[in-house]
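Peer 1: Let me give you the structure first, and then I'll get to my questions.
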Amino acid sequence: MLTVYNTMTRKKEEFHPLKEGEVSIYCCGVTPYNDPHIGNARPFVTWDVIRRYLARKGYRVRYIQNFTDVDDKIINAANREGVTWKEISDRYIAAYFTAMDALNVHRADVFPRVSETMEDIIRMVGTLIARGYAYATSEGDVYYSVEKFAHYGRLSGRSLDDMEAGARIEINETKRHPMDFALWKAAKPGEPAWESPWGKGRPGWHIECSAMSVKYLGEAFDFHGGGSDLIFPHHENEIAQAEPCIDGHEKFARYWLHNGFITIDNEKMSKSKNNFFTVKDILKEFPGEVIRFFILQTHYRSPLDFSDERLSEAQAALARLSHTKEVIDELSGCEGTADTAAVLAVQAKEFLAAFDAAMDDDFNTALALSQMFGLSKEINRYRQELERGAAFDAAHFAEAASAYRTMAEIIGIFEQETAAASDGLADGLMDIIIGLRQDARVQKNWALADRIRNELKEHGVVLEDTPTGVRWKRA
C-alpha cells in the first residue's frame, strides 16, 4: 500500500486516488526569468520519479506543470535588457527544457502558461467577487478577503491573528485586512496588461495556479506539489481561492507533497541571496544523470546540502551501478542452460520487492537505491563465478537483469548514451586498441602494453584482464 506524507494533515496517509486507476498531479513550475538552478530542479526530478513509479503500479498519470510567464521579475528583466516580457519568458522556458532534458525529466502532459490562461483567471476572480470572497477597489485592483475563508492558515499551520500580529506589510488603505492579497493588479505604465471587468491589468501570483490546475485537472485532483517555500503564502492562497469556487466546497487537492530545500553551507539556496548554481553551469563539470542521482540519494522531504564533493561522491556511486549495467548488457547476449543463477534470481525478486516497499513508503528513493546497490553487488558476484569457470544460466540471469533494469527505469538512470556508444563506434575502437595491446603482450613488449593501459586510464577507460578475456569500462 502506498503511503505519502500529506503536508495538510502533517502525517503519512494511505494513498487512494480520486478516480480508480488514475492519478492527477499539479506541480508548480518555474518563473522563467533566469536559468534554472539546482534548487529549482529538485521538485521536478522528484515528481519525475513519482510519475514513473505510479506508472509501474499501473496508474494512468496526468501531470500538469505551469510556467508563471507573467511576473514582476520577468518584467524587470525585460526592462533591464530593453526587450519584451515574452522574449524573456520564451528564452528561459527553452533553457528550462534544455536543463531538464539533461536530467532525464520527462515532459509534463501540459505546460500551461499564465499568459494563455487569462480568461480562466478572470472568470475565477469574478466568481470569488460574486461569492463574497473578494472585492474590487476604485483603483482597479481586486483583493482576496482572508477573513472570509474560515480555513485560512490550515495548510501552513498558522492562525490569521498570529500572521497579522507578525506581519511586516506596507500600509495599504485600499485593503480591508493587512493579510488580504491581490487577485488582480491594475495596469501600470510599461507593464503587460489584459482587459478585465475591473479595467486593464494583470493577475496576482497565486490566482494563476488555482485557475490553471482547475482548468486542466478539474475542481478536485490527487496531488499538488512544489518546494517547501511554496507552502505559505502560495499554496495557502491557492486553497483559499480555489475551494470557494468549487461547487459543494470539496477539497481542492487531496494530498500536498513538498520537497525540502537544497542548501549551501546549511543556508537555503536562492536567487535572491545570489548563492545559487545553475544546472547549466553544473553540467559543465558533471553529467546530468549525476545531478539527478545526487538529488535522489536523499529523501525528497529532507534538506540536501550541495557541494562539488557531494556531486563527486554521487558520480562515483553512479559509476558502480553503471558498471553493473555494462555487465548485464554483456551477459544478456550470451547463451547457457545451466542452473547457476537460480539463487541470484530469487535475490533479485527480493531486492525488487524491497525497492517497491521503499517507494511505497512516501517515495523513499534513498532507501530504494540501497536495494539497487544490493542487487548490483550480487550480479557482480555472479559475474566473478563465471570468470572462475561456472557455466552461464541465461534464463535465471535474465530475471535478475529485468529487476535491475526496472529499478534503473524508475530512478531514471542509464538513459543517456553518447553517439559513439549508441552506434557501436566506441566498442569497435576499443576492440582495435585491445587487440593492439594483446599483440604487444604476445611480443613481450610490456612497455607498450603498459603504456596503452595507462593512457586509456588517464582518459577514463579501465581495462580488466579476466579469465574470459579483456574487458573495458568507463572509470
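The values are calculated or read from the model by the stated rules, or taken from the named source; none is laboratory data. These numbers were taken from a predicted model, which means no experiment stands behind them. With ideal geometry, Cβ positions are generated from the backbone for all residues, glycine too; neighbour counts draw on all protein chains shown. For the accessible areas, the whole protein counts, side chains as well, though only heavy atoms, and no ligand, DNA or RNA atoms are used. Shrake-Rupley method; radii C 1.70, N 1.55, O 1.52, S 1.80 Å.
Peer 1: Evaluate the following for V83: is it in contact (Cβ under 8 Å) with a residue 24 or more places away in the chain and among the β-branched types (V, I, T)?
Peer 2: Details: in contact (Cβ under 8 Å) with a residue 24 or more places away in the chain: no; among the β-branched types (V, I, T): yes.
Answer is no for this residue.
Peer 1: Next question, about the same structure. Collect the residues in the stretch 130-153 that are assigned to a helix (DSSP H, G or I) and open to solvent by 50 Å² or more (accessible area, probe 1.4 Å), keeping them in residue-number order.
Peer 2: Taking the stretch 130-153 as the starting set, the residues that turn out to be assigned to a helix (DSSP H, G or I) are 130, 146-148.
A130, E147, K148, listed by residue number.
Peer 1: Let me ask something else about it. Restricting attention to the stretch 270-321, which residues are aliphatic (A, V, I, L, M) and touching a residue at least 60 places away in the same chain (Cβ under 8 Å)?
Peer 2: Pass one, the stretch 270-321, residues aliphatic (A, V, I, L, M): 279, 282-283, 290-291, 295-296, 304, 311, 314, 316-319, 321.
Those that are aliphatic (A, V, I, L, M) and touching a residue at least 60 places away in the same chain (Cβ under 8 Å): V279, I282, L283, I291, I295, L296, L304, L318, A319, L321.
Conditions (1) farther than 30 Å from M269 by Cα; (2) open to solvent by 60 Å² or more (accessible area, probe 1.4 Å), marked per residue:
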| position | (1), (2) |
| --- | --- |
| E335 | yes, yes |
| A338 | yes, no |
| A341 | yes, no |
| M359 | no, no |
| N380 | yes, no |
| R388 | yes, yes |
| A391 | yes, no |
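Peer 1: Quick one: which of E267, E219, E236, E285 is among the acidic types (D, E), touching a Leu at 6+ places or on another chain (Cβ under 9 Å) and open to solvent by 20 Å² or more (accessible area, probe 1.4 Å)?
Peer 2: On the way: E267 fails: touching a Leu at 6+ places or on another chain (Cβ under 9 Å); E219 fails: touching a Leu at 6+ places or on another chain (Cβ under 9 Å); E236 fails: open to solvent by 20 Å² or more (accessible area, probe 1.4 Å).
Step by step, each of E267, E219, E236, E285 is checked, and only E285 is among the acidic types (D, E), touching a Leu at 6+ places or on another chain (Cβ under 9 Å) and open to solvent by 20 Å² or more (accessible area, probe 1.4 Å).
Peer 1: Please enumerate the residues belonging to the stretch 81-90 that are under 22 Å from P203 (Cα atoms), open to solvent by 10 Å² or more (accessible area, probe 1.4 Å) and assigned to a helix (DSSP H, G or I). Can you show your working first?
Peer 2: Initially, the stretch 81-90 is screened for residues under 22 Å from P203 (Cα atoms), giving 83-90.
Still in the running and open to solvent by 10 Å² or more (accessible area, probe 1.4 Å): 83-87, 90.
Passing the criteria: W85, K86, E87, D90.
Peer 1: Take K200 and decide whether it is open to solvent by 60 Å² or more (accessible area, probe 1.4 Å), modelled with pLDDT of 95 or more and more than 31 Å from the chain's Cα centre (by Cα).
Peer 2: Details: open to solvent by 60 Å² or more (accessible area, probe 1.4 Å): yes; modelled with pLDDT of 95 or more: yes; more than 31 Å from the chain's Cα centre (by Cα): yes.
Spelling it out, K200 is indeed open to solvent by 60 Å² or more (accessible area, probe 1.4 Å), modelled with pLDDT of 95 or more and more than 31 Å from the chain's Cα centre (by Cα).
Peer 1: While we're here: Step by step: first the residues of the stretch 12-62, then only those that are of a type in the set (F, W, Y) and over 20 Å from Y216 (Cα atoms), then the one that is most open to solvent (accessible area, probe 1.4 Å). Which residue is that?
Peer 2: Here is the first cut: in the stretch 12-62, the ones of a type in the set (F, W, Y) are 15, 26, 33, 44, 47, 53, 59.
So of that shortlist, the ones also over 20 Å from Y216 (Cα atoms) come out as 15, 33, 53.
On the way: F15: 5, Y33: 50, Y53: 3 Å².
Across the stretch 12-62, the extreme among qualifying residues is Y33.
Peer 1: Pick out the one residue from T9, T98 that is of a type in the set (V, I, T), open to solvent by 40 Å² or more (accessible area, probe 1.4 Å), more than 20 Å from I207 (Cα to Cα) and without any contact (Cβ under 8 Å) to a residue 60 or more places away in the chain.
Peer 2: Details: T98 fails: without any contact (Cβ under 8 Å) to a residue 60 or more places away in the chain.
Result: T9 is the single residue among T9, T98 that is of a type in the set (V, I, T), open to solvent by 40 Å² or more (accessible area, probe 1.4 Å), more than 20 Å from I207 (Cα to Cα) and without any contact (Cβ under 8 Å) to a residue 60 or more places away in the chain.
Peer 1: Assuming E326 fulfils every condition listed in (1) in contact with a helix residue (DSSP H, G or I) (Cβ under 8 Å, 6 or more places away or on another chain); (2) touching a residue at least 60 places away in the same chain (Cβ under 8 Å) apart from one, which condition is it?
Peer 2: Failed condition: (1).
Peer 1: Could you tell me whether any residue of the stretch 156-168 is surrounded by 21 or more Cβ atoms within 10 Å (Cβ to Cβ) and at pLDDT 95 or above? Steps first, answer last, please.
Peer 2: If we filter the stretch 156-168 for residues that are surrounded by 21 or more Cβ atoms within 10 Å (Cβ to Cβ), which is where we start, we get none.
Checking the stretch 156-168: not a single residue is surrounded by 21 or more Cβ atoms within 10 Å (Cβ to Cβ) and at pLDDT 95 or above.
Peer 1: A further question follows. Which one of the conditions (1) touching a residue at least 40 places away in the same chain (Cβ under 8 Å); (2) of a type outside the set (D, E); (3) within 28 Å of G157 (Cβ to Cβ) does P197 fail to meet, given that it meets all the rest?
Peer 2: (3)
Peer 1: Looking at D431, D450, which one is outside the structural domain of A348 (by the TED database), modelled with pLDDT under 85 and either charged (D, E, K, R) or closer than 23 Å to L103 by Cα (or both)?
Peer 2: On the way: D450 fails: modelled with pLDDT under 85.
So the residue among D431, D450 that is outside the structural domain of A348 (by the TED database), modelled with pLDDT under 85 and either charged (D, E, K, R) or closer than 23 Å to L103 by Cα (or both) is D431.
Peer 1: Among residues belonging to the stretch 393-407 that are of a type in the set (A, V, I, L, M, F, W, C) and open to solvent by less than 50 Å² (accessible area, probe 1.4 Å), point out the one that is nearest to D356 (Cα to Cα).
Peer 2: Restricting attention to the stretch 393-407, the residues satisfying the condition of being of a type in the set (A, V, I, L, M, F, W, C) are 394-395, 397-398, 400-401, 403, 407.
This time we only want the ones that are open to solvent by less than 50 Å² (accessible area, probe 1.4 Å), so: 394, 397, 400-401, 403, 407.
Details: A394: 25, F397: 20, A400: 15, A401: 16, A403: 11, M407: 9 Å.
For the stretch 393-407, the residue satisfying everything is M407.
Peer 1: Further, regarding this structure: If a residue must be free of Cβ contacts under 8 Å to residues at least 60 places away in the same chain and touching a Lys or Arg at 6+ places or on another chain (Cβ under 6 Å), how many such residues does the stretch 48-74 contain?
Peer 2: Total meeting the criteria: 4.
Peer 1: Restricted to the stretch 115-129, and to residues that are in contact with a helix residue (DSSP H, G or I) (Cβ under 8 Å, 6 or more places away or on another chain) and among the β-branched types (V, I, T), which residue is surrounded by the fewest Cβ atoms within 10 Å (Cβ to Cβ)?
Peer 2: T127
Peer 1: Still on this structure, please answer the following. When you scan the stretch 408-423, how many residues do you find that are open to solvent by less than 30 Å² (accessible area, probe 1.4 Å) and either at pLDDT below 95 or of a type in the set (V, I, T) (or both)? Outline the logic, then answer.
Peer 2: The initial filter retains those residues of the stretch 408-423 that are open to solvent by less than 30 Å² (accessible area, probe 1.4 Å), namely 408, 410-413.
Filter once more, so that each one left must be either at pLDDT below 95 or of a type in the set (V, I, T) (or both): 410-411, 413.
Count: 3.
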